[in-house]
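One structure is given below, encoded as structure tokens.
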Amino acid sequence: MFGIPRGAAQALVASPILSAAFVPLTGLFMLAGATSAQAACDVFANTTNPVCASNKIDYRAIGDAEVTLSDVTVVETDPAVDAGYITFSQGAITGQANLTFELRGNSVVSSASYYGIALSAQQTGAFGDISAFIGADVHVTSTALDGIWARADDGTVTLINEGTVNAAADGISGTSQNNNASVVNRGTVTASGRGLYADGNYNAGAAGVVSIENSGTVESYLAGARAIGYLGEARITNSGTITSTTKQGLVAWSPNGVVNITNTGTVVAKDDIGIHAMTDDGNVNVTNSGKVTAGNDLSIASAGDSYRGIYAAAGDGAGGGNVTITNTSSGVVTAADDAGVEGMSLDGKVTISNEGTVASGAPAIRSGVAAVVGISQNATAPADGIAVSITNKSSGLVAASTNSDVLRLALLSPKSFSTTEMDLVAVAAGNRAVTAATQTDAAVISNLGTMVGNIAFMAPCEMNDGTCGTLPGATENRFTNQGTLLTAGTSSFSSNLDAASTRIFENSGEVWALGATTFANVGSFNNSGTINLVSLASGSGLTINGNFNALAGSKLVTGFTPSGGAPGKLVITGDVSGTTTVSIGSLVNGTSYDWSSQSRVGVVEVQGATPLGAAHFALGASNYGLRSYALGYEDGATDTWYLTSTANEAASVPLTNVAPNVQSIWYTALGDVGGRLGDLSDRFYGGLSGGGGGFGSGELAYAPTETRNDPIVAALESAATPKQKHGAGTWMKVSGTLGRGDRGGTSYDSQASSIQAGVDGAFDLDGGVLVAGGFVGYVGSTLDYSTTDTSVTATGPTMGTYVAWLDANGFSVEALGAANFANVNATISGENGQFSGRSFGGRLTGSYRYQTGGLTITPTASVAYVRSTFDSLELSGSRIDFGTGESLQAETGVKLSYDTVAGDYLASPFVSAAVGNEFLGDSTVDIAQIGRSVTHGSGVFGRVSTGVNFANAEGNLKSFVRASGRADAHDFSGTAELGLTLNW
């Protein structure tokens, strides 16, 4: 025979992976038994001496031969018996003998002593290719060696598997000494060795290709897929799922050729590198659009010490090439205990591009490790002069953390973080996100997306804490931020560049310095974006060891600590140019500062030249929250810009309008229900007097009417068959309101919206009809003030009940009660706070309905009362207490409507007007730093509306559209409403 000797095979011990895989196959083997594969061997051209025993099949080729088997069973479970396999090899010939093998149908092959399937083109003096196909319903097992094994000395090897393979060694192995090898898996492979293995071109005369392609499922104890191309390309393409226990998920190597790995599937390396691509002297390309996970499982006994997600390297001493790693927008790379992505070249360019997610937990536990690493020791200058280029694109996320909460929060606005969330992200931001190391030429890191962590430029010798001299060839360290950088701790530029080299930090995006942060060894910090200083503890702020150049759009936002500490400070050790706008911001929810403890707080310090003096930093908005700020300047050996603050009394005005705003929501809900009660009046009194159902019916008698000879009336009265008008009904209405007002000398725009739905029932009683119902809804209102960044928004559910009595003489009385539970979001000059409010109240309305012809006249009078209470709020270090808001409104008005028939529908245009008075309505707010503020009620108000109702002939389906306006001493608003009613 050929390959591994029987004794060596029987010395192999199956791993737990293989043992588990054999369990479900036991029954299959029992069914198969030890029956012969064939009663007699099939004869194939150019084959000789076939062996078809009851438990093995062997063919020998004496020329180009094709062997195709189907529905065969070859099983031997005794490791002492040399059987249980299918072999196909070259016979005793010289010259060419190509082998083509196919196994199809419901076939089972199982050996306890040898390969499951062995294919060989190694005859001395002969040469030939090997090509094999294993069908989808085939099961191949070896508890001793490889499941499928093929080897050629001079020909190519091509193995395609769609079946199920279980092996004590490699799952599928294809090797060629002097030519190409290809392994394709579309099935399921479980192996205690390597899952898929391809090896070729060791003594080839010309460069070739060794490749592995997987679209199936592979689980292995060693490498999931390993491709070695000694001369030419080594290639792996995975669109399936590969899981390895102790070695790499995917690994490809070529000593002097190109290496290409493409993953669109899932790769899991439990205790090693996820994707590993290597060449001694060539280019390496890795593209990931799938999911790659690399772990360091301490429960696994393994000699590995590298746990990178993706690692691509070129060079072994003098050799090298270019390294390109691309993680596309759908790619996710996670490394628990090493770099997420690392590229290294000894003599070439390293390019790393990320559009997806790269997350590494290693920086939190291993110093010197980064989520993304690029290293080049190139001696040959790249054409563009850049030796290491690392780009995080607009959709990309690079995080020095694998914490799922950090990864989720990183994609949100930091302004929305709670104190706990900000602390969590700050820990990750203090770890290393990116390292770029170059011996010569430039290193460039570009962030257009989101990056969590700090960055470092260094020389390769510094990577291992080595001593480095000056690197005259390293021309530039450049970090460009156009996205969002969440960083803390120290970001550093190489200290080994010579005097002619440059160190540049360019920011046109947002830099968030979370706590104490330093940018060390910066030559020039060029800022046209925003720097946010989040003060999480004493000493928070950003120190820039270099010059600061403010370009157009340069902004600095400094915030406060949750514990009441000072705002973060910007410290610049070099010179300053240009002008930067300074803003005050609550960069952590709920922050405050006790200004009574100090009269001034330093926010900028410059140790170098300041040719423009105070003008280098100018305060933007002077108000923030409940305080007004001023930016002072002090010239000296170190120039200082400092904040002073006083209470901003005008900021209290929007807070006094909280109660009227919330109560307007309550009145909005009542207005919707009141519209429903008007619908019921139309229904029970009918469109006109007399008649039966439909357009002209009325179940009750009517108020006095005039003698009618109107032809329209006659048409209405002769309309549809009468229908009963009592029973149950359901309704829904939506409304939207826009308005403008002025309270306390501060103007605002208002908008509100609501959706209400209810159900009610009608009951006939002596002399009239009793209606009872309930409703629920959701309403919201916003006051947007002309003051910069000030608004009050209230949203929440409403619910209530209503009762109406409609007597036979046209009089009606309506009573309803409603409750609203509001969540209030108040933004006062940029500072935000949330609290809750509750409103309870009711309304009583009386009306009289008079009809003449198609005209209906309905005078009304009502009185309503609502009481609102609120939780306290803290802004700008002050406690805010809201007084109880009370509103008592009375109004009287009249509605005119006219009924007309339009085809099969009744159309009733209407107009109404009312005048009322607010007898209470005062709103008080007590603020610790300011005192009590009061807004008085609106007094007299007026309301007008117009619209049209539509009803079907039976009168059970009705809709309306209405436009209305309301005005008082403070506000004017317009409302549009749509409604639908269904009565049973």
Practice item. Could you identify the single residue in Ser938, Ser933, Ser973 that is over 21 Å from Phe775 (Cβ atoms), of a type in the set (Ser, Thr, Tyr) and assigned to a loop (DSSP other than H, G, I, E, B)? Key: Ser938
**Study point:** Which numbered condition Thr801 misses (of (1) under 34 Å from the mean Cα position of the chain (by Cα); (2) farther than 26 Å from Ser416 by Cβ)
**Key:** (1)
Practice item. Determine which member of the set Val915, Val940, Val944, Val894 is within 50 Å of the chain's Cα centre (by Cα) and either farther than 19 Å from Asn661 by Cβ or free of Cβ contacts under 8 Å to residues at least 12 places away in the same chain (or both). Key: Val944
Practice item. Kindly list the number of the only condition in (1) closer than 22 Å to Ser839 by Cα; (2) crowded, with 16+ Cβ neighbours inside 10 Å; (3) touching a helix residue (DSSP H, G or I) at 6+ places or on another chain (Cβ under 8 Å) that fails for Val934. Key: (2)
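Select from the range 143-168 the residues that are aliphatic (A, V, I, L, M) and touching a residue at least 60 places away in the same chain (Cβ under 8 Å) and write down the one among them that is nearest to Gln122 (Cα to Cα).
Residues of the range 143-168 that are aliphatic (A, V, I, L, M), as a first pass: 144-145, 148, 150, 152, 157, 159-160, 165, 167-168.
Filter once more, so that each one left must be touching a residue at least 60 places away in the same chain (Cβ under 8 Å): 144-145, 167-168.
Working: Ala144: 22, Leu145: 19, Ala167: 23, Ala168: 24 Å.
That would be Leu145.
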Revision key, fill the gap. Pairs returned, first residue in the range 328-349 that is at negative phi, second residue that is at pLDDT 90 or above and among the acidic types (Asp, Glu), beta-carbon separation under 9 angstrom, 6 or more apart or interchain, are Thr328/Glu355; Ser329/Glu355; Ser330/Glu355; Gly331/Glu355
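Here's the yes/no breakdown for (1) surrounded by fewer than 20 Cβ atoms within 10 Å (Cβ to Cβ); (2) under 20 Å from Gly921 (Cα atoms):
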| residue | (1), (2) |
| --- | --- |
| Ser747 | yes, yes |
| Ser753 | yes, no |
| Gly758 | no, no |
| Leu770 | yes, no |
| Gly773 | no, no |
Check your understanding: Taking Gly613, is it small (Gly, Ala, Ser) and either touching a Leu at 6+ places or on another chain (Cβ under 7 Å) or touching a residue at least 60 places away in the same chain (Cβ under 8 Å) (or both)?
Key -> no
Practice item. Can you confirm whether the range 57-73 contains a residue that is on the phi < 0 side of the Ramachandran plot and without any contact (Cβ under 8 Å) to a residue 24 or more places away in the chain? Key: no
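Are any of the residues in the range 861-879 in contact with a Pro (Cβ under 7 Å, 6 or more places away or on another chain), surrounded by fewer than 20 Cβ atoms within 10 Å (Cβ to Cβ) and over 25 Å from Ala818 (Cβ atoms)? If you could, list the steps in order and put the result at the bottom.
So the first thing to find is which residues in the range 861-879 are in contact with a Pro (Cβ under 7 Å, 6 or more places away or on another chain), and the list is none.
For the range 861-879, residues in contact with a Pro (Cβ under 7 Å, 6 or more places away or on another chain), surrounded by fewer than 20 Cβ atoms within 10 Å (Cβ to Cβ) and over 25 Å from Ala818 (Cβ atoms): absent.
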Check your understanding: Taking the range 430-443 as the search range and keeping residues that are in contact with a helix residue (DSSP H, G or I) (Cβ under 9 Å, 6 or more places away or on another chain) and of a type in the set (Gly, Ala, Ser), which one is nearest to Ser376 (Cα to Cα)?
Key -> Ala437
Practice item. Please work out which one of (1) in contact with a Leu (Cβ under 9 Å, 6 or more places away or on another chain); (2) at positive phi is the condition Asp441 fails and give its number. Key: (1)
Practice item. Among the numbered conditions (1) touching a residue at least 40 places away in the same chain (Cβ under 8 Å); (2) surrounded by fewer than 24 Cβ atoms within 10 Å (Cβ to Cβ), tell me where Ile228 comes up short. Key: (1)
Study note, to complete from the structure: By residue number, the members of the range 838-856 that are modelled with pLDDT under 90 and either under 30 Å from Ala650 (Cβ atoms) or aliphatic (A, V, I, L, M) (or both) are Leu855
Exercise for review: Please go through the range 70-80 and pick out each residue that is within 15 Å of Ala53 (Cα to Cα) and aliphatic (A, V, I, L, M).
Suggested key: Val72, Val74, Val75
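Check every one of the strands (runs of 3 or more DSSP E) wholly within the range 338-457 and list those with 2 or more residues that are within 23 Å of Arg503 (Cα to Cα).
Working: elements: 341-345, 350-354, 357-360, 372-376, 386-392, 397-399, 432-438, 442-447, 450-452.
Of the strands (runs of 3 or more DSSP E) lying wholly inside the range 338-457, those with at least 2 residues that are within 23 Å of Arg503 (Cα to Cα) span 341-345, 350-354, 372-376, 386-392, 432-438, 442-447, 450-452.
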Exercise for review: Name, by its number, the condition in (1) more than 15 Å from Glu219 (Cα to Cα); (2) in contact (Cβ under 8 Å) with a residue 40 or more places away in the chain that does not hold for Gly171.
Suggested key: (1)
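Could you say whether any residue in the range 295-307 is aliphatic (A, V, I, L, M) and modelled with pLDDT of 95 or more? Step through it out loud before you land on a result.
Within the range 295-307, the subset aliphatic (A, V, I, L, M) is 298, 300-301, 303.
Restricting the remaining residues to those that are modelled with pLDDT of 95 or more gives none.
Within the range 295-307 (the criterion being aliphatic (A, V, I, L, M) and modelled with pLDDT of 95 or more), the answer is no, since none of the residues qualifies.
The values are calculated or read from the model by the stated rules, or taken from the named source; none is laboratory data. Fair warning: this is a prediction, and the values are worked out from it, not measured in the lab. Neighbour counts are summed over all protein chains in view; Cβ atoms, including those assigned to glycine, are modelled from backbone coordinates with ideal geometry.
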